[in-house]
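This report concerns only the one structure given below.
Please treat every number below as a calculation from the coordinates, not as lab data. On a predicted model such as this, the values are computed, not experimentally measured, just so you know. Note: ideal-geometry Cβ built from the backbone for every residue, glycine included; neighbour counts use all protein chains shown.
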Amino acid sequence: MRSSRWTLLFFTFTACAIAQVNRPKIEVRHYAIDADVNPRTQSLAATVKVDFVPQADATTAVFELNNALQVSKVVDASGQTLNTQRNQKDSTIEVSFATALPKDKPAQLSFTYQGQLAGNQDSPVYGITFADLKPDFGLLLYPSRWFPVSGYTTDRYTADLRITAPSEFKVLASGDEKVEKLADNKNAFTFQYTKNASFPGSIALVKGQGQRVSSEGITTSIFFRNHANVAQNYGEETGKIVNFFTSDFGLAPQANVTLVETVDGAPNGYAAPGIIFLSPSAIGSKVNQRVLADQLARQWWGILVSPSTRNQLWITNGTARYAQILYLEHLGGPAAGENDLCADYVEALTVSDPPVLQASRLEDYSPEFWAVTAAKGSAVMHMLRGIMGDANFFKAMKLFLDQYSFKPANTEDFRKIMEQVSGQDLKFFFLQWLESSGAPEFKLQYTVFRTQKGFRVVGKVTQDLDTFRMPVDLRIETEGNPEDKKIEVVGTSSEFSVDTFGKPRSVALDPSHRILRLDPTMRIAVASKRGEQFVEIGDFANALKEYQKARDVSKNSSLAHYRIGELFFKQNNYQSAANEFRAAIDGDLQPKWVEVWSHVNLGKLFDVTGQRDRAANEYKQAIRTHDNTAGAQDEAAKYSVKPY
């Protein structure tokens, strides 16, 4: 079931996402949530008052609510019970008003409901745990729709929470906290988040007081159950990251941060106002700087400013993803983020449609969703930075956050700020990368002429996108120092002429690969990435097709042969797997880590087939590469001693 559903997502968009367009539009302003949560019994009972404003005359309103929760009644502000209808397919409840509500007139509904949230119920987001109540821990995140949601990820709201829990638990949530002791060994935790509208309402129930770590003026409270040994390191890194982002983005909406370890099956990270939820696998044995930086960046991009519609999610998801790269550059220089940036470009190219500004057509948290909103969003930010220059880019980012603090914003708002600061007309850029789909594949032809003052390179750039327009870097390697020029590529064919002092030896277009574009190497990487996505959901047939596409681009591609070998190994097709791993070692060795891991996998293969001497030899060859990518040396050393 899981495989067929996710395979379908690679080719279609979900009907429920499209159907949301036709729902009566309301704007939620405030929640008053009174919930009794008992992790021991995995139960939740709540009464939630929702203040909202209809955006048009309305006879009904639709809210999303977790399917595991049963609504016993819904009443309006006068106390009149209203008719409701549940739709299990899209986790919604439709409320019919006693009389039509006029546009722009504030209204209120009160929902009473109860249920059990054990982590194994149908989640509104397929296959991902956002709500889980266990005997020693409780997790209720906003995407689980544990309270009635309208305008998911777009409608900003304030909230008052009153969470009653057994006395051995501490409740963590956004807002000003007060605790009241109750009878029957219970405590009531109240949280007021009313100063600014955002996305409060994600909570955790934990035991113990956690650890407090001060770093660079930031105090981080850390509640790690299984990874307490790395809490100090995470606290120290949090202070460093927050201070770095403060220099790039301005003051964070909250002065201090809370980190919470979630459960297996939860997303790697989720950001709520002042709280970062991290999965056990993401935390790991050492600080995961990438995930931590991404989630902390969301305190600015998502909490402080948010998308006005789900078509605008690239603004927050893309910038948060790009913030990882900015932090890596800060730690290790410009080259430190190159691998991550390349990975974003590859991921972005795995989806050719829809355009970024039609992201609402994609299912939340699907691979396509992240490829379009996060990976391509990150690529857009990097290209925009190249056009504007660092000084203008970061100045504009700060100005945008300042002008839209605690407000929703859209692409037009963002573009105007970028143009205001840079003094450039950037409509062409946003049209190309956000409103259009596809990526160019450049072909370069040129001739070198001698002139009285040096040399002249006259050439032509061709590509297939008729509406394409971008300034592109041109690097000319000469007998002296290389010379960098910039040319304008417009339409399917663009001619250029540049003068140089030194005699040109070679000419490269977009040498730093700043443009999101295709070439043979990228085609191999993209097909391999698509194959990996199919492998993750157990669809080996489609995975093999993608890997074969990569191999068709270059028969010498080590990466393509390696991925096919991995796939055959998973299917116990040992001879075919061995052939592919050998071909990977004899190929172009791009990327370099393919060599060490091909030897490691050959060693495992020989161990499985009872050829211990041959296995030991492969592990020895792996160790000789001195390449420890993804722990390859540790793996080889481990199985050198004990068979796989």
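Things to note:
- Reachable lysines, given that their alpha-carbon falls under 16 Å from the alpha-carbon of K240 and they are not under 8 places away in the same chain: K286
- Between Q575 and N256, the modelled label-to-label distance comes to 6.6 nm, taking each label 7 Å out from Cα in the direction of the beta carbon.
- Report summary: the helix-based calculation at 222 nm, which adds -39500 (n - 2.57) for every DSSP H run with n ≥ 4 and divides by the residues of the chain, gives -10500 deg cm²/dmol.
- Here R505 and K395 are evaluated by their C-beta separation; at R0 = 45 Å the FRET efficiency comes out at 0.75.
- For percent of Cα pairs over 42 Å apart, calculated from these coordinates, the label among (1) 33; (2) 41; (3) 26: (1)
- Between Q452 and N226, the modelled label-to-label distance comes to 7.7 nm, taking each label 7 Å out from Cα in the direction of the beta carbon.
- Once both labels are positioned 7 Å from their Cα atoms along Cα-to-Cβ, the gap between S285 and A100 label points is 6.6 nm.
- Top positive-direction residue, dipole computed over the chain with Cβ charges, set S306, N256, H561: H561
- Note on region 48-112: lysine pairs with Cα distance below 21 Å, sequence gap of 8 or more or different chains, count 4.
- Cross-link reach list, aspartates and glutamates versus K486, counting only Cα pairs under 19 Å and skipping chain neighbours closer than eight places: D390, D425, E441, D473, E477, E495, D499, D510
- Nearest-0.05 FRET efficiency for Q80 and D122, computed from C-beta distance (R0 45 Å): 0.90
- Relative contact order, percent, the chain [alpha-carbon distance under 8 Å, six or more residues apart]: 8
- Using only side-chain charges placed at the Cβ, +1 for Lys and Arg and -1 for Asp and Glu, the dipole size of region 523-638 relative to its Cα centre rounds to 180 debye.
- Straightening the chain between S436 and E495 buys 18.9 nm, computed as 0.36 nm per residue apart minus the Cα-Cα spacing.
- Annotation: for a label point projected 7 angstrom from Cα along Cα→Cβ of E488, residues of region 422-448 with backbone N closer than 15 Å are 424-429.
- In terms of the mean number of neighbouring beta-carbon atoms within 10 Å, the peptides 66-76, 492-502 order highest first as 66-76, 492-502.
- The angle separating the long axis of helix 612-624 from the principal Cα axis of greatest extent in the chain is about 80 degrees.
- Nearest-ten-degree value, helix 520-536 long axis tilted from longest Cα axis of the chain: 40
- Of K620/K642; K25/K407; K395/K427; K460/K592, those spanning more than 23 Å from alpha-carbon to alpha-carbon: K460/K592
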